[in-house]
Amino acid sequence: MSSILLALIIGGAFGAVLDRVGAANPTLIGKMLNLSNLHLMKAILLAIGTGSVLMFGGQMLGLVDVAHMSVKTAYIGVFVGGLLLGFGWALSGYCPGTSLVGAAAGRKDALVFIAGGLLGAAAYMATYPAVKDSGLLDKIAGGKVTLGTVPDAKYEGLTALPGDLLGIALGLAFIVVAFILPERITQKQPAAATV
């Protein structure tokens with residue numbers, strides 16, 4: 001029971017942070033994607049980079065158990081699904097997690113997105129046999145693999161590079177990009193003149 005309570009507290013705190021940085025605001029998502037307001041992108045890059053440095057650094061120091069590492073299986077369907085998710089995110093301004101935050105904040109458009117996501121999941125379940133037969137779910141690159149080799153992990157590395165150091169290096173690169181990224185790349189569009 002205490003793990004459920006902890007999950008609710010951490011989830012609530014995470015949702016509050018997402019709402020605070022604007023990750024559940026479709027207008028800010030649109031501005032980020034058209035590169036006219038990069039505050040949210042900077043926050044995302046900083047969070048991913050910090051999490052990567054802490055996780056892989058913790059593994060190297062023995063503070064994080066490698067057994068908790070979970071690697072998803074690589075197959076073409078993951079890339080197709082990622083493209084569909086990105087298209088839906090750009091179109092609606094929501095991803096599955098931010099839609100729940102938006103709904104909790106009282107946004108009705110988030111409820112419509114959630115309903116569409118549930119309908120999409122049902123459609124995938126109904127067509128799963130055909131998708132499986134298409135080869136989209138066949139493993140590629142050995143299935144569950146990591147970019148570098150992580151000591152004591154049950155996953156193969158695509159390279160002989162030390163995975164922990166690679167994870168820290170990539171995390172630090174994300175942090176640096178978050179700090180050097182400008183506030184906007186494209187200029188604000190002037191308001192249309194009214195007659």
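Filter the stretch 149-178 for residues that are closer than 18 Å to Ala67 by Cβ and open to solvent by less than 60 Å² (accessible area, probe 1.4 Å) and give the result.
Those that are closer than 18 Å to Ala67 by Cβ and open to solvent by less than 60 Å² (accessible area, probe 1.4 Å): Val150, Ala153, Tyr155, Gly157, Gly163, Asp164, Gly167.
Can you confirm whether Gly12 is surrounded by fewer than 16 Cβ atoms within 10 Å (Cβ to Cβ), over 30 Å from Gly135 (Cα atoms) and either of a type in the set (A, V, I, L, M) or over 14 Å from the mean Cα position of the chain (by Cα) (or both)? It would help to see each step written out before you state the result.
Numbers: surrounded by fewer than 16 Cβ atoms within 10 Å (Cβ to Cβ): yes; over 30 Å from Gly135 (Cα atoms): yes; either of a type in the set (A, V, I, L, M) or over 14 Å from the mean Cα position of the chain (by Cα) (or both): yes.
Criteria met by Gly12.
Mind listing whichever residues of the stretch 148-170 are part of a loop (DSSP other than H, G, I, E, B) and within 16 Å of Met55 (Cβ to Cβ)? Don't jump to the end; show me each part of the working.
To start, the set of residues in the stretch 148-170 that are part of a loop (DSSP other than H, G, I, E, B) comprises 148, 150-155, 158-161.
The answer is Gly148, Val150, Pro151, Asp152, Ala153, Tyr155.
Could you tell me whether Ser92 is over 30 Å from Ile185 (Cα atoms) and open to solvent by 30 Å² or more (accessible area, probe 1.4 Å)?
Working: over 30 Å from Ile185 (Cα atoms): no; open to solvent by 30 Å² or more (accessible area, probe 1.4 Å): yes.
Considered against the rule, which asks whether it is over 30 Å from Ile185 (Cα atoms) and open to solvent by 30 Å² or more (accessible area, probe 1.4 Å), Ser92 comes out as no.
Would you check which residues across the stretch 98-148 are over 25 Å from Ile76 (Cα atoms), open to solvent by 50 Å² or more (accessible area, probe 1.4 Å) and not hydrophobic (A, V, I, L, M, F, W, C) and list them?
Within the stretch 98-148, Gly106, Arg107, Lys108, Asp109 meet the criteria.
Among the residues of the stretch 4-28, how many are touching a residue at least 40 places away in the same chain (Cβ under 8 Å) and within 12 Å of Val101 (Cβ to Cβ)?
7
Examine the stretch 117-136 for a residue that is in contact (Cβ under 8 Å) with a residue 60 or more places away in the chain, outside any helix (DSSP H, G or I), of a type in the set (A, V, I, L, M, F, W, C) and over 29 Å from Gly12 (Cα atoms), and state whether such a residue exists. Don't jump to the end; show me each part of the working.
We begin by selecting, within the stretch 117-136, every residue in contact (Cβ under 8 Å) with a residue 60 or more places away in the chain; these are 136.
Narrowing the set further to residues that are outside any helix (DSSP H, G or I) leaves 136.
Remaining after also requiring of a type in the set (A, V, I, L, M, F, W, C): 136.
This time we only want the ones that are over 29 Å from Gly12 (Cα atoms), so: 136.
Yes, that holds for at least one residue.
Determine whether Leu181 is surrounded by 14 or more Cβ atoms within 10 Å (Cβ to Cβ) and at pLDDT below 95.
Values: surrounded by 14 or more Cβ atoms within 10 Å (Cβ to Cβ): yes; at pLDDT below 95: yes.
In short, yes.
Taking the stretch 38-56, which residues are in contact with a helix residue (DSSP H, G or I) (Cβ under 6 Å, 6 or more places away or on another chain) and more than 25 Å from Pro26 (Cα to Cα)? Spell out the reasoning first.
First pass over the stretch 38-56, keeping only residues in contact with a helix residue (DSSP H, G or I) (Cβ under 6 Å, 6 or more places away or on another chain): 40-43, 45-46, 48-49, 52-53, 56.
Residues satisfying the conditions are Ser52, Val53, Phe56.
Report the residue count in the stretch 19-55 for those that are of a type outside the set (Gly, Ala, Ser), at pLDDT 85 or above and either farther than 19 Å from Val177 by Cα or open to solvent by 50 Å² or more (accessible area, probe 1.4 Å) (or both).
First pass over the stretch 19-55, keeping only residues of a type outside the set (Gly, Ala, Ser): 19-21, 25-29, 31-35, 37-42, 44-46, 48, 50, 53-55.
If we keep only those that are at pLDDT 85 or above as well, we get 19-20, 25-29, 31-35, 37-42, 44-46, 48, 50, 53-55.
Filter again for either farther than 19 Å from Val177 by Cα or open to solvent by 50 Å² or more (accessible area, probe 1.4 Å) (or both), leaving 19-20, 25-28, 31, 33-35, 39, 41, 44, 46, 48, 50, 54-55.
Residues meeting the conditions: 18.
Sort out which residues of the stretch 63-79 are open to solvent by 40 Å² or more (accessible area, probe 1.4 Å) and out of contact with any helix residue (DSSP H, G or I) (no Cβ under 6 Å at 6 or more places or on another chain), and write them in order of number.
Hits for the stretch 63-79 are Leu63, Asp65, Ala67, His68, Ser70, Lys72, Tyr75, Ile76, Val78, Phe79.
The values are calculated or read from the model by the stated rules, or taken from the named source; none is laboratory data. All of these numbers come straight from a predicted model, not from anything done at the bench. Because the Cβ atoms are built from the backbone with ideal geometry, glycine has one as well, and the counts that use them run over all protein chains shown. The area values use the complete protein model at the heavy-atom level, side chains included, leaving out ligands, DNA and RNA. Shrake-Rupley method; radii C 1.70, N 1.55, O 1.52, S 1.80 Å.
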